[in-house]
1. Taking SER106 as meeting all but one of (1) open to solvent by less than 30 Å² (accessible area, probe 1.4 Å); (2) closer than 24 Å to ARG153 by Cα; (3) among the small types (Gly, Ala, Ser), write down the number of the exception.
2. Provide a single number: the residues in segment 138-157 that are surrounded by fewer than 13 Cβ atoms within 10 Å (Cβ to Cβ) and in contact (Cβ under 8 Å) with a residue 24 or more places away in the chain.
3. Name the single residue, out of those in segment 108-151 being part of a loop (DSSP other than H, G, I, E, B), under 16 Å from the mean Cα position of the chain (by Cα) and not hydrophobic (A, V, I, L, M, F, W, C), that is farthest from ARG60 (Cα to Cα).
4. Looking at segment 94-130 only, could you name the residues that are in contact (Cβ under 8 Å) with a residue 60 or more places away in the chain and either farther than 17 Å from ILE66 by Cα or touching a helix residue (DSSP H, G or I) at 6+ places or on another chain (Cβ under 6 Å) (or both)?
5. Of all residues in segment 84-97, which are over 13 Å from ILE3 (Cβ atoms) and open to solvent by 40 Å² or more (accessible area, probe 1.4 Å)?
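The values are calculated or read from the model by the stated rules, or taken from the named source; none is laboratory data. Small disclaimer: the values here were computed from a predicted structure and weren't measured. Backbone-built Cβ (ideal geometry, glycine too); neighbour counts: all protein chains shown. Ligands, DNA and RNA are stripped out before the accessible areas are found, and what is left, the full protein with its side chains, is counted by its heavy atoms. Shrake-Rupley method; radii C 1.70, N 1.55, O 1.52, S 1.80 Å.
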Amino acid sequence: MSIVLLIDGYNVIAPVAAPKHASPPSHLVAAGSAGSPGWLQVERERFLKRVAMQLDESIRRRTCVIFDAKDAPSGLPATRDFLGIDVRFAVDHDEADDLIEELIRSHPVPKHLTVVSSDHRVQRAAKRRRAFRYDSQPWYDDLIDGRVRLGWRPKHRASEDASVVKEAASDLGDAARPGDTGILDDARLFDDANFLDQLMGRSGQGKLTQPGGISDEQLQDWIDELDP
């Protein structure tokens, strides 16, 4: 199933170099504030949770968020699932823009693709393929306000209660476990996301099996071909 929403992750959250604190207060470290070891990690988590909470399943499972590899969590694969969102670190590329441009260039139906980035290089790549494109800040502001800007929308499939996702995304940030420090590492987040899939009856990367051995993903691709 092709991507319909491609997001330049760090371009949207616009992280800057963390201020240097000789001895940051313990409550700041626990909260993942700028200057603490996990501040950027927490920013990624906050952003992904917001995106997941605002997208319905038909869009969320066709959304890809790209981050630069220099800040990738150590020991994790380049691609992970976060509540259905395809999260990628550009480990085999010099920067995230290279991977984003590659995905735009290889997209089978670019008129169905929305690209979110204020980077001029990324926008030019989207324009060449006639994909929809939005500047990061206004798009994210609208998302926070509950308005998801997309150039093209797949048909909605009400196979999942949105409240389940919102509750799960909230739990990822609020659930207390023995040994919690207040910072959720990416491995913990992705484990929780996969655990949610298991609770909701999914297997693998969130694919549902239909009678006759046809996956949910294959069925949607077939529907899209009939009614693009």
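1. (1)
2. Initial filter on segment 138-157 (surrounded by fewer than 13 Cβ atoms within 10 Å (Cβ to Cβ)): 138, 141, 144-147, 155-156.
Filter once more, so that each one left must be in contact (Cβ under 8 Å) with a residue 24 or more places away in the chain: 144, 146, 155-156.
Of the residues in that region, 4 qualify.
3. So in segment 108-151, the residues part of a loop (DSSP other than H, G, I, E, B) come out as 108-109, 113, 117-119, 129-131, 135, 145-151.
Right, trim to under 16 Å from the mean Cα position of the chain (by Cα) and you get 113, 117, 148-150.
Imposing the further condition that a residue be not hydrophobic (A, V, I, L, M, F, W, C) reduces the set to 117, 149.
Values: SER117: 18, ARG149: 13 Å.
Selected residue: SER117.
4. Pass one, segment 94-130, residues in contact (Cβ under 8 Å) with a residue 60 or more places away in the chain: 96-97, 100, 103-104, 107-109, 112-119, 122.
Listed by number, the residues that qualify are ASP97, ILE100, ILE104, PRO108, VAL109, HIS112, VAL115, VAL116, SER117, SER118, ASP119, VAL122.
5. Step one: list which residues in segment 84-97 are over 13 Å from ILE3 (Cβ atoms), which gives 89-97.
Selection gives VAL91, ASP92, HIS93, ASP94, GLU95.
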